[in-house]
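**Student:** The structure that follows is given in the form of C-alpha cells.
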Amino acid sequence: MLTIRPALRSDAEAAFNIRRQAIRHQCIEVYTPEQVRIWTEMPLTDGYRDSVQDNYQLACYGAQPVATGFIDLQSAELGALFVLPAYMGQGIGRSMLFHLERLALEAGISDIHLDATPNAAPFYRCCGYQGTAQAIYLSPTGLELPCIPMRKHLGAEVLLPLSQLAAQ
C-alpha cells in the first residue's frame, strides 16, 4: 500500500536518488545529455538535506521510498515531484500531487505554482494546471533549463479522499 509522509532529514539520500533516476529516465527527451549530466551530478549538500526535512513529502510502498514532492508553504511553490522509473505510470505522481495540493489548501493557500519540465507539462495540464509560455529555470548549479511556469487555483475538490481524486 502506498503511503505519503513528511520526509525526514535522514530521507535526503533516498530523495536525491529518486530525483537523479527520474531526471535521467524522463528528461533526456527534452534536455541535452550534457544538461542532464550536469543537473544530476550535483552533490548531495546540507542545504538539500535541510530542504528535504523542511518541505518534502515521501511516497513509500512499505519501507521503500518511490516518489518525492515538496510544497513550500511560504511561497506556494510546488516542486521536486519525482517518481522512480520502475514505479512510473501507476498513479503515484498524481497521488503525490493531490497530497501536496491538499497540504497547501489546509494551510490556507488557494493558488499554487510550479516550473514544469517540458516533458511533465502535459501531466500537470491533465491535473488542472495552466501555462504554456516557456521560461528558463536557473538550477542551484547555475544550469539554465527550459521550463514552463504553471499555476492552479485550488478548490474544494482537493479535499476529497485521494481514492476519489485518482478516479477523476
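The values are calculated or read from the model by the stated rules, or taken from the named source; none is laboratory data. What you are looking at is a predicted structure, and each value in this text was computed from that prediction instead of being measured. Counting neighbours? That spans all protein chains shown, and the Cβs are built from the backbone with ideal geometry, glycine included.
**Student:** Right, F70: in a strand (DSSP E or B) and in contact (Cβ under 8 Å) with a residue 60 or more places away in the chain or not?
**Tutor:** no
Every residue, every condition in (1) over 22 Å from N55 (Cα atoms); (2) among the β-branched types (V, I, T), yes or no:
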{"residue": "A86", "(1), (2)": "yes, no"}
{"residue": "Q90", "(1), (2)": "yes, no"}
{"residue": "M96", "(1), (2)": "no, no"}
{"residue": "G108", "(1), (2)": "no, no"}
{"residue": "I112", "(1), (2)": "no, yes"}
{"residue": "D115", "(1), (2)": "no, no"}
{"residue": "A133", "(1), (2)": "yes, no"}
{"residue": "C147", "(1), (2)": "no, no"}
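**Student:** Additional query: Consider the range 77-89. How many of its residues are closer than 16 Å to Y124 by Cα and either small (G, A, S) or part of a strand (DSSP E or B) (or both)?
**Tutor:** Final tally of qualifying residues: 8.
**Student:** Does any residue of the range 97-114 turn out to be outside any strand (DSSP E or B), among the aliphatic types (A, V, I, L, M) and under 23 Å from N17 (Cβ atoms)?
**Tutor:** Checking the range 97-114: at least one residue is outside any strand (DSSP E or B), among the aliphatic types (A, V, I, L, M) and under 23 Å from N17 (Cβ atoms).
**Student:** Taking the conditions exactly as written (in contact with a Ser or Thr (Cβ under 6 Å, 6 or more places away or on another chain), buried (at least 20 other Cβ atoms within 10 Å of the Cβ) and not β-branched (V, I, T)), does F70 satisfy them or not?
**Tutor:** The answer is no for F70.
**Student:** Quick check: anything in the range 12-30 modelled with pLDDT of 95 or more, surrounded by fewer than 19 Cβ atoms within 10 Å (Cβ to Cβ), of a type in the set (K, R) and more than 21 Å from T141 (Cβ to Cβ)?
**Tutor:** Looking through the range 12-30, none of the residues is modelled with pLDDT of 95 or more, surrounded by fewer than 19 Cβ atoms within 10 Å (Cβ to Cβ), of a type in the set (K, R) and more than 21 Å from T141 (Cβ to Cβ).
**Student:** Being in contact with a helix residue (DSSP H, G or I) (Cβ under 6 Å, 6 or more places away or on another chain) and β-branched (V, I, T) is the filter here, so list the residues in the range 18-70 that pass it.
**Tutor:** Passing the criteria: I23, I28, V36, T40, V52, V66, T68.
**Student:** I would also like to ask the following. Is one or more of the residues making up the range 2-12 in contact with a His (Cβ under 6 Å, 6 or more places away or on another chain), closer than 26 Å to H113 by Cβ and part of a strand (DSSP E or B)?
**Tutor:** yes
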